[in-house]
There are 4 protein chains.
Amino acid sequence: MKSSSMVRILGQSHSLLNQFMAEIRDADIQQDSLRFRYNLERIGEIFAYEISKELAYEQEEVVTSLGIANVPVLTHYPVLATILRAGLPFHQGFLKFFDRSANAFISAYRMAHKDGSFSMSIEYASSTPIDGKVLIICDTMMASGSSMVYTYKELLTRGKPAHVHLATILASMEGLNQLKKSLPKKNVTIWVGDVDDELTAQLFLVPGLGDAGDLAYGEKD
Amino acid sequence: MKSSSMVRILGQSHSLLNQFMAEIRDADIQQDSLRFRYNLERIGEIFAYEISKELAYEQEEVVTSLGIANVPVLTHYPVLATILRAGLPFHQGFLKFFDRSANAFISAYRMAHKDGSFSMSIEYASSTPIDGKVLIICDTMMASGSSMVYTYKELLTRGKPAHVHLATILASMEGLNQLKKSLPKKNVTIWVGDVDDELTAQLFLVPGLGDAGDLAYGEKD
Amino acid sequence: MKSSSMVRILGQSHSLLNQFMAEIRDADIQQDSLRFRYNLERIGEIFAYEISKELAYEQEEVVTSLGIANVPVLTHYPVLATILRAGLPFHQGFLKFFDRSANAFISAYRMAHKDGSFSMSIEYASSTPIDGKVLIICDTMMASGSSMVYTYKELLTRGKPAHVHLATILASMEGLNQLKKSLPKKNVTIWVGDVDDELTAQLFLVPGLGDAGDLAYGEKD
Amino acid sequence: MKSSSMVRILGQSHSLLNQFMAEIRDADIQQDSLRFRYNLERIGEIFAYEISKELAYEQEEVVTSLGIANVPVLTHYPVLATILRAGLPFHQGFLKFFDRSANAFISAYRMAHKDGSFSMSIEYASSTPIDGKVLIICDTMMASGSSMVYTYKELLTRGKPAHVHLATILASMEGLNQLKKSLPKKNVTIWVGDVDDELTAQLFLVPGLGDAGDLAYGEKD
């Protein structure tokens, strides 16, 4: 697919990111949940680093043991938001790199109705102030895109960030299109590792990787 | 204080645990949120290790490159439950050691009423099956003990674990007494790092360490 | 075997240490060198923690955000020495727990002579001062014990430590006996994870785990 | 400075790398040796990731739980070589990302002569085979460049790698020029974080960061 100006597909040019994404898809390798979570963390670090190339820096005088270095440092740390529970290991990677960031945790619940429609509601939301901040919302996978859009909208009722980066490792084409349609073009950037063409009626990406939450933390009761 | 049979206070005999607990209390050192979270993780590893001494092991024949070793391994991995959001780094430490465990995440909401009483409700609960399992519920701090008791009861509506270990780094004496009073003596063990005598009306431990969630993840909006 | 007063065999009472030791022996699991190194690190953390129970602590007044806590902290951090290259991941685990420690790296070369005898020499030695310090020398495996004894003696030419802890995950019975014979009884403690009965003429432990250096870092040219 | 075709100066375009490099220079922040080593590791991960963009990939069919994904993976893992002891935390970062790589550890000794000249010799060298491999040699700092050149030459006596990447976080201009002069233009790429103009007679970079080995592992005896 062609990247629009607001979408960056990081897996399109080759790097270790592709290796880590191949491993989280691999039905054998993902049996080791430690390596699965570790891959999500490493991917989070890579996303954090790539997004950091678009943040603001200022020159700072750093006193070394032998002199003064005039070097660029981050002007502000972004706020790191994630969606429970599948987003936690990916978020952990972001936090390993943006270690001075404040954070937000959101759980969005999707309720299916008898007529085939559905509605979303927030179960849990704990957020640091986002007004005027650069906000990164990260989730491991994006199926229909509705969780991401809903979380974006919920967080924006709490303040007006300077810029929002939405980051997901694996997106469906349908979800990506939904995001591009639902979100403003301005002050929003979408970061994706890889895009899968198919989305099943049960909202599974194909070929996908299965259920990221279950693979990281065990099946639900 | 004297340990009752169901309570283990790990900080009573000296070890690196005391060093790490001193660091998370220290108002200067805790300004580095990376080190703060890292200390919670290391403490989680130590609790995991100490609790692991009371789990069941079985002999297994392991094929090495040079022969066969008959060695003890864990019979079952425990389920690791934690309370959002402050419990996450402590839980992360448990998961680093019990890397094959399945997990549960709970958010318990405490609502104060006009008459000074309060009630609890669950906002978010995502749990793996716990029936017949050893269950570890970990939270960084325990003030009144009501979150821990409520989480325990909520999880036990979902299944009947073989044994429950409740783990908290810093407890108030009041909270610890509450736990001992509210929970069954049988099949329950309480693990505490250190106990503080004072609990303020606003449910802060004194000397305590402040708000563990804010220190790990930033102040809430 | 019976522990003498100077020897602690940590695997004798069951804990997660046994699980991790089983994994590093397992010819299948050890194919994942990331997990192999990670297991060595976790074992290093456990050894560090157990050894820390025998170190000296002093009461310190820590200023919290809400008061003053009188808590025990390490009086001094031990010096962490290791033997290249196989000792590095084990040492990494020690350093993760004793994060304020200074360190020493030693490479001891074993040269076989035609008559079947051998001699040892130091290739590389980089050490922080050890005089008056508690010194921990860690190596992943101990075959004949000669590297450990030689490293101990080399380091003691550089200063007189207050106490020396020698730590190895897997020892041969022969190596352990050699250590007990060659080292002073006073101010020396030997820490072992597990002991294997057999030692081949090529100095491999049986059942052992193979070559720890190769498994962690790849075969040598 | 202008990059020649064989030199990549990663700090020239802004990213989190600049933040981490500022922290390792900062005389206050570097007092926390845990954070100092952690910054070197994170920088190692960033270098590994950037270098990985120039490695070879091949399409692989990965079987997911729901289908087959045709994705790029690394054709071969590079060999990771480092120079003792200061290079170890930087190497650790490389190994966290290239977790399936084999490794080499080298210690090069610099001996000063009375006439002001000096000669180099190898104290310790433990290397996996490098013939036909992509080889990465990483060292935290590069002063005169002689250790890096000597290590490069020593390793090339052992085999002929397909390509060599030389990576250093902080280089002096003099060292960088020495490297460009001494190494072949073909099949060699030099990766640098930042370049300092001044190099003292005692081979300290100014403003530099001090002695990376001492900061990571403690002063030598």
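The values are calculated or read from the model by the stated rules, or taken from the named source; none is laboratory data. Quick caveat: nothing in here was measured; it's all calculated off a predicted structure. A quick note on method: Cβ atoms are made from the backbone with ideal geometry, for glycine too, and the neighbour counts reach across all protein chains shown.
Somewhere in the range B:161-169, is a residue within 14 Å of chain A (Cβ to nearest Cβ) and either surrounded by 20 or more Cβ atoms within 10 Å (Cβ to Cβ) or modelled with pLDDT of 95 or more (or both)? Yes, there is a match, as at least one residue in the range B:161-169 is within 14 Å of chain A (Cβ to nearest Cβ) and either surrounded by 20 or more Cβ atoms within 10 Å (Cβ to Cβ) or modelled with pLDDT of 95 or more (or both). Is at least one residue of the range A:209-217 of a type in the set (D, E, K, R) and over 20 Å from residue A:7 (Cβ atoms)? Checked against the condition, which is being of a type in the set (D, E, K, R) and over 20 Å from residue A:7 (Cβ atoms), the range A:209-217 yields at least one hit. Looking across the range D:103-127, the residues that are out of contact with any Asp or Glu (no Cβ under 6 Å at 6 or more places or on another chain) and under 26 Å from residue D:37 (Cα atoms) come down to D:103, D:104, D:105, D:106, D:108, D:110, D:125, D:126.
A quick yes/no check of all residues on (1) out of contact with any Gly (no Cβ under 6 Å at 6 or more places or on another chain); (2) touching a residue at least 40 places away in the same chain (Cβ under 8 Å):
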residue: B:157; (1), (2): yes, no
residue: B:169; (1), (2): no, yes
residue: B:172; (1), (2): yes, no
residue: B:177; (1), (2): yes, no
residue: B:190; (1), (2): yes, yes
residue: B:199; (1), (2): yes, yes
residue: B:209; (1), (2): yes, yes
residue: B:213; (1), (2): yes, yes
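Name the single residue, out of those in the range A:190-221 being surrounded by fewer than 20 Cβ atoms within 10 Å (Cβ to Cβ) and within 14 Å of chain B (Cβ to nearest Cβ), that is modelled with the lowest pLDDT. Among those that are surrounded by fewer than 20 Cβ atoms within 10 Å (Cβ to Cβ) and within 14 Å of chain B (Cβ to nearest Cβ), it is A:221.
Scanning the range D:56-75 for residues that are assigned to a strand (DSSP E or B) and either within 7 Å of chain A (Cβ to nearest Cβ) or in contact with a His (Cβ under 6 Å, 6 or more places away or on another chain) (or both) returns D:57, D:60, D:62, D:63, D:68, D:69, D:71, D:72, D:73, D:74. With respect to (1) buried (at least 24 other Cβ atoms within 10 Å of the Cβ); (2) farther than 24 Å from residue D:58 by Cβ, the lone exception for residue A:53 is condition (1). Take the residues in the range A:100-112 that are surrounded by fewer than 22 Cβ atoms within 10 Å (Cβ to Cβ) and touching a Leu at 6+ places or on another chain (Cβ under 9 Å); name whichever of them is nearest to residue B:217 (Cα to Cα). The selected residue is A:100. Residue by residue through the range D:25-45, note down the ones that are in contact with a Phe, Trp or Tyr (Cβ under 6 Å, 6 or more places away or on another chain) and not acidic (Asp, Glu). Those that are in contact with a Phe, Trp or Tyr (Cβ under 6 Å, 6 or more places away or on another chain) and not acidic (Asp, Glu): D:30, D:39, D:40, D:42, D:43, D:44.
Within the range B:42-87, the set of residues being touching a residue at least 12 places away in the same chain (Cβ under 8 Å) and of a type in the set (Gly, Ala, Ser) comprises B:44, B:48, B:52, B:56, B:81, B:86, B:87.
When the range A:96-111 is filtered for residues that are among the acidic types (Asp, Glu) and in contact with a strand residue (DSSP E or B) (Cβ under 7 Å, 6 or more places away or on another chain), nothing remains. The set of residues in the range C:96-152 that are closer than 14 Å to residue C:48 by Cα and more than 13 Å from chain D (Cβ to nearest Cβ) comprises C:134, C:136, C:137, C:138, C:139, C:140. More than 23 Å from residue D:129 (Cα to Cα), of a type outside the set (Ser, Thr, Tyr) and surrounded by fewer than 18 Cβ atoms within 10 Å (Cβ to Cβ), is that true of residue D:69? No: the conditions fail for residue D:69. Restricting attention to the range D:76-88, the residues that are at the interface with chain C (Cβ under 10 Å from one of its Cβ atoms) and more than 16 Å from residue D:158 (Cβ to Cβ) add up to 5.
Restrict the check to the range B:169-187 and report whether at least one residue is on the phi > 0 side of the Ramachandran plot and not basic (Lys, Arg). Yes, the range B:169-187 contains a residue that is on the phi > 0 side of the Ramachandran plot and not basic (Lys, Arg). In the range B:42-54, what residues are in a loop (DSSP other than H, G, I, E, B) and more than 8 Å from chain C (Cβ to nearest Cβ)? Scanning the range B:42-54 gives a single hit, B:54.
Does the range C:94-105 include one or more residues that are under 30 Å from residue B:205 (Cα atoms), of a type in the set (Phe, Trp, Tyr) and outside any strand (DSSP E or B)? Among the residues of the range C:94-105, at least one is under 30 Å from residue B:205 (Cα atoms), of a type in the set (Phe, Trp, Tyr) and outside any strand (DSSP E or B), which makes the answer yes.
When D:144, D:127 are checked against the criterion of being touching a Gly at 6+ places or on another chain (Cβ under 9 Å), over 20 Å from residue A:63 (Cα atoms) and crowded, with 21+ Cβ neighbours inside 10 Å, a single residue qualifies: D:127.
If only residues of the range C:14-31 that are more than 7 Å from every other protein chain (Cβ to nearest Cβ) and either acidic (Asp, Glu) or touching a helix residue (DSSP H, G or I) at 6+ places or on another chain (Cβ under 8 Å) (or both) are counted, the one that is farthest from residue A:23 (Cα to Cα) is C:17. Candidates C:118, C:97, C:90: the one that is without any contact (Cβ under 8 Å) to a residue 60 or more places away in the chain and surrounded by 16 or more Cβ atoms within 10 Å (Cβ to Cβ) is C:97.
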